[in-house]
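Throughout, read-outs are computed from the coordinates displayed, never taken from laboratory work. Predicted model only: the values in this text are computed from it and were never measured. Cβ placement follows ideal geometry from the backbone for every residue including glycine, while neighbour counts extend to all protein chains displayed.
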Amino acid sequence: MKIVLVSAVALIDPDGRVLLAQRPEGKSLAGLWEFPGGKVEPDESPEAALIRELKEELGINTWQSCLAPLTFASHSYDSFHLLMPLFACRRWEGIVQGLEGQRLAWVKAENLRDYPMPPADIPLIPILREWI
């Protein structure tokens, strides 16, 4: 089975809320809410992929020193196996905006379960809630 490496981030604002992005129509798992991030390209580190994806998708800049490894997801979907490190980030530059038309929501950790998520993201919630 093919392994897909995707890097994700829990952006945490000064009020302790976490950013979720809704998967747009036309993508697999459309309508579900997820932690921002994306596929790690060949010859790219998970941190570099996140820095690139945050700039492309949300219009913000951050640095590797601001990405703290938190946990990871390992989940088998029908056609591939997802390996997804989750980083926590509290420092970035710019205003968060959905540059790809995706809806965004700042959510208190205790309310994360109110948002339907892909199966791989759900086990990350308790770890994140403990950490914040």
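Within segment 19-120, report the trypsin sites (Lys or Arg not before Pro) that DSSP leaves as loop and that have at most 15 other Cβ atoms within 10 Å.
Those satisfying the criteria are LYS27, ARG90, ARG91, ARG103.
Can you report the principal axis dimensions of the chain using only the alpha carbons, biggest first, rounded to whole angstrom?
40, 35, 29
Go ahead and set up a Gaussian network model of the chain, Cα springs under 10 Å, then flag whichever of GLN102, GLN64, GLN22 fluctuates most.
Answer for the Gaussian network model of the chain: GLN64.
Under the rule of -39500 (n - 2.57) per DSSP H run of 4 or more residues, summed and divided by the residues of the chain, what mean residue ellipticity at 222 nm is obtained, to the nearest 500 deg cm²/dmol?
Counting only the DSSP helices, I get -4500 deg cm²/dmol.
For segment 3-102, which chymotrypsin sites (Phe, Trp or Tyr not before Pro) pass both filters: DSSP loop (anything but H, G, I, E, B) and at most 11 other C-beta atoms within 10 Å?
none
Tell me, what HN-Hα J-couplings in whole Hz come from the Karplus equation 6.51 cos²θ - 1.76 cosθ + 1.60 at θ = phi - 60° for each residue of segment 80-89, using x for Gly and Pro?
7, 10, 9, 10, 9, x, 10, 9, 9, 9
By DSSP, what percent of the beta bridges with both residues in segment 3-131 are antiparallel, rounded to the nearest 5?
Antiparallel: roughly 75 percent of the beta bridges in segment 3-131.
Which of PRO14, PRO36, PRO46 ends up with the largest GNM mean-square fluctuation for the chain, with Cα atoms connected below 10 Å?
PRO14
Where a Cα-Cα gap under 17 Å defines reach, which lysines qualify for LYS55, not counting those fewer than 8 residues away within the same chain?
Candidates past the 8-residue exclusion: LYS39.
Just how far, in whole angstrom, is segment 36-54 from segment 79-103 if you go by their alpha carbon centroids?
A separation of 10 Å, based on Cα centres.
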